[in-house]
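Take a look at the structure below.
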């Protein structure tokens with residue numbers, strides 16, 4: 001069935017770039033190590049300065065924001081699949097970690113957190 005002029009006109013309306021409104025829940029892997037825990041979080045597009053890491057009794061909380069730093073005024077979108085928003089990731093552990101020492105590294109879009117337990 002041929003498309004009407006009305007359907008085609010809808011396809012050509014400029015769409016302004018705007019945040020998705022979805023909350024982003026980044027994926028994480030958690031490993032037990034001989035001296036504690038290793039947590040790896042997929043944070044592509046997040047700058048290290050936008051990250052906050054907190055330890056609680058048996059949980060690790062990571063907060064931040066992924067921003068679109070490429071789009072400029074006057075851009076319109078054709079397709080948007082990447083979520084840009086604030087996030088908060090909480091990881092529960094089966095033991096107390098608040099006394100653990102924490103080392104962090106951010107490379108290749110991954111936040112690596114080493115928790116060295118006493």
Quick P(r) readout (segment 29-118; Cα-Cα; 5 Å bins; whole %) gives 3, 12, 23, 21, 14, 11, 6, 5, 3, 2, 0
Burial-style ranking of 68-79, 37-48, 83-94, average other-beta-carbon count within 10 Å with highest first, yields 37-48, 83-94, 68-79
Simple spin-label estimate for residue 102/residue 25, 7 Å along Cα→Cβ, in nm, reads 2.2 nm
If the chain between residue 118 and residue 59 were fully extended at 0.36 nm per residue, the gain over the current Cα-Cα distance would be 19.6 nm
Listed with the fewest Cβ neighbours within 10 Å leading, 51, 23 appear as 23, 51
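Coordinate-derived values only; no laboratory data. Owing to the predicted nature of the structure, the values given are computational and were not obtained by experimental measurement. Every residue, glycine among them, receives a Cβ derived from its backbone with ideal geometry; neighbour counts consider all protein chains shown.
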